[in-house]
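Trainee: My questions all concern the structure below.
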Amino acid sequence: PPVVAAPPADQAEALRLFRAARALYNASEFHQAALGFEASFAAAPSPEAAYNAALAHDRVGDRVATLTWFRRYLTVARRDIDPSYPLAVQRVAELEARLGELSLRIDHPDGLREIRV
């Protein structure tokens, strides 16, 4: 019989974290689920973990984190095969229209002591 190699440890851990996060999401523990999906993504980046982190943050109402994770999803997902890709593009556009962003460029970081917004 063919020998099936075990998945690398980081992928196995990512899958374990993903399943735990999915259970939390299904139990309406959206904040903890979001953290779990983020941990899964950190262990082994995947479109599923990023997308589900975005959905969980959306359920909590954290629009900034939702936007961040949909953007992260778009960087790892495949436009041609992932059915969630168009929805993520739409949600990013909606969130960008509702949220303001601030970019800061620091030319002389040695003299910088504090930034207040």
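Trainee: Being hydrophobic (A, V, I, L, M, F, W, C) and open to solvent by 40 Å² or more (accessible area, probe 1.4 Å) narrows it down to one of 102, 67, so name that one.
Mentor: After ruling out the rest, the residue left standing is 102.
Trainee: Residues that are closer than 22 Å to residue 17 by Cα and small (Gly, Ala, Ser): find the helices (runs of 4 or more DSSP H) completely inside the range 37-117 holding 3 or more of those.
Mentor: Values: elements: 47-60, 63-76, 85-98.
Here the list reads 47-60.
Trainee: Something else now. What are the residue pairs meeting all of these: first residue in the range 1-26, first residue modelled with pLDDT of 95 or more, second residue open to solvent by 80 Å² or more (accessible area, probe 1.4 Å), Cβ atoms under 6 Å, and 6 or more apart or on different chains?
Mentor: Taking only residues 6 or more apart or on different chains, the pairs are 24/32.
The values are calculated or read from the model by the stated rules, or taken from the named source; none is laboratory data. As the structure is a prediction and not an experimental result, all values here were calculated from the model. Cβ: placed from backbone, ideal geometry, glycine included. Neighbour counts: every protein chain shown. Accessible surface is based on the protein model in full, side chains and every heavy atom, while ligands, DNA and RNA are left aside. Shrake-Rupley method; radii C 1.70, N 1.55, O 1.52, S 1.80 Å.
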